[in-house]
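Peer 1: Have a look at the structure that comes next, please.
The values are calculated or read from the model by the stated rules, or taken from the named source; none is laboratory data. Given the structure is predicted, the values throughout are model-derived calculations rather than measurements. Note that each Cβ is placed from the backbone with ideal geometry, even for glycine, and that neighbours are counted across all protein chains shown.
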Amino acid sequence: MKTFFKLFHTHNYSKIIASQYVSFNYRNVVVECKCGKRKIEKYHHDNVYPFKTNCFITNIEMEKLINSIK
């Protein structure tokens with residue numbers, strides 16, 4: 001049964017790991033799926049962001065977060 005779910009798994013990136021300040025309205029956010037896969041998404045919001053932004057995180061640190069295993 002597990003192999004069946006692995007074959008038809010669609011990624012649902014919902015857990016926010018970290019966010020990076022890009023500009024006033026944009027943030028780069030590391031999100032994680034239930035299976036553990038991570039990726040960076042560009043997030044746009046006009047008002048207050050619903051998550052905490054890490055102030056001085058660099059692109060290298062963002063890449064390390066993506067490649068790290070939970």
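Peer 1: Show the residue pairs meeting these rules: Cβ distance below 9 Å; 6+ apart or different chains; first residue within region 4-31 and more than 24 Å from Ile60 (Cβ to Cβ) and part of a strand (DSSP E or B); second residue at pLDDT 85 or above and hydroxyl-bearing (Ser, Thr, Tyr).
Peer 2: No pair meets every condition.
Peer 1: A further question on this structure: Do you know which residues across region 32-50 are touching a Ser or Thr at 6+ places or on another chain (Cβ under 9 Å), free of Cβ contacts under 8 Å to residues at least 24 places away in the same chain and more than 16 Å from Ser68 (Cβ to Cβ)?
Peer 2: Lys34
Peer 1: Could you please find all residues in region 19-37 being surrounded by fewer than 18 Cβ atoms within 10 Å (Cβ to Cβ) and either within 27 Å of Lys6 (Cβ to Cβ) or at pLDDT below 80 (or both)?
Peer 2: Cys33, Lys34, Cys35, Gly36, Lys37
Peer 1: Counting only residues that are of a type in the set (Asp, Glu) and assigned to a loop (DSSP other than H, G, I, E, B), how many does region 32-50 have?
Peer 2: 1
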